[in-house]
Amino acid sequence: MGTWDTGHFDNDTAADFAAELDEATPERRTELVREALAGAAVGAAGYLDADIAEVAVAAAALVAEQCPGGPPVETVYGPDEPLPRFPEELRSLAVRALDRVAADGSELRELWEEADGGNGVWQRGVTTLRAALAPPLAAVTAAIPRQSRPAHG
């Protein structure tokens, strides 16, 4: 595992993904993010390779950054070129990808459990991304103006 820290881009595979995004045309960048997320989210059965998971986590971080209150991607290893506004449906795809990355049968999760010494720093980072992508229902309801909510009763 060519990893040097717990950040979402702090590994060789994610840094290479950022470089690929920078080299792509602006139109292609959304598709690259979608493909990275789908690589982890599709086919929930079977073992998830660490390289696929690392790219999915990096892609999810880019989508989460665009969510209200999402954590910023602040790393020299992330993309340098501007990213497009990602379509809303990438949020749910990113959630599915992160759920698979954090589940049993994920090589990346296993590697972090061994390397982390029980600190859970990497896992907390993934949990933070997931929370930005899929806020609790109460937070979504609170954000809807009162006059827009359906009347009960």
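The values are calculated or read from the model by the stated rules, or taken from the named source; none is laboratory data. Please read these numbers as outputs of a predicted model, since none were measured by experiment. Every residue, glycine as well, gets a Cβ built from its backbone with ideal geometry; the counts of neighbours run over all protein chains shown.
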**Request:** Name the one entry in GLU89, GLU20 that is over 14 Å from HIS8 (Cβ atoms), under 14 Å from the mean Cα position of the chain (by Cα) and surrounded by fewer than 18 Cβ atoms within 10 Å (Cβ to Cβ).
**Result:** GLU89
**Asked** Is it the case that ALA103 is of a type in the set (Gly, Ala, Ser) and not in a loop (DSSP other than H, G, I, E, B)?
**Response** no
**Fill in**
Per the filter on the stretch 39-86, residues surrounded by fewer than 18 Cβ atoms within 10 Å (Cβ to Cβ) and either of a type in the set (Phe, Trp, Tyr) or not in a loop (DSSP other than H, G, I, E, B) (or both) are TYR47
**Fill in**
Within the stretch 1-25, residues in a loop (DSSP other than H, G, I, E, B), in contact with a helix residue (DSSP H, G or I) (Cβ under 8 Å, 6 or more places away or on another chain) and of a type in the set (Val, Ile, Thr) come out as THR6
**Message:** Just to be sure I understand the filter: pairs with C-beta atoms under 8 Å, separated by 6 or more residues or on different chains, first member in the stretch 101-124 and closer than 21 Å to PHE9 by Cβ and of a type in the set (Val, Ile, Thr), second member surrounded by 14 or more Cβ atoms within 10 Å (Cβ to Cβ) and modelled with pLDDT of 90 or more. Which pairs pass?
**Reply:** VAL101/ALA40; VAL101/LEU48; VAL101/ALA53; VAL101/ALA56; VAL101/VAL57; VAL101/LEU108; VAL101/ARG109; VAL101/VAL126
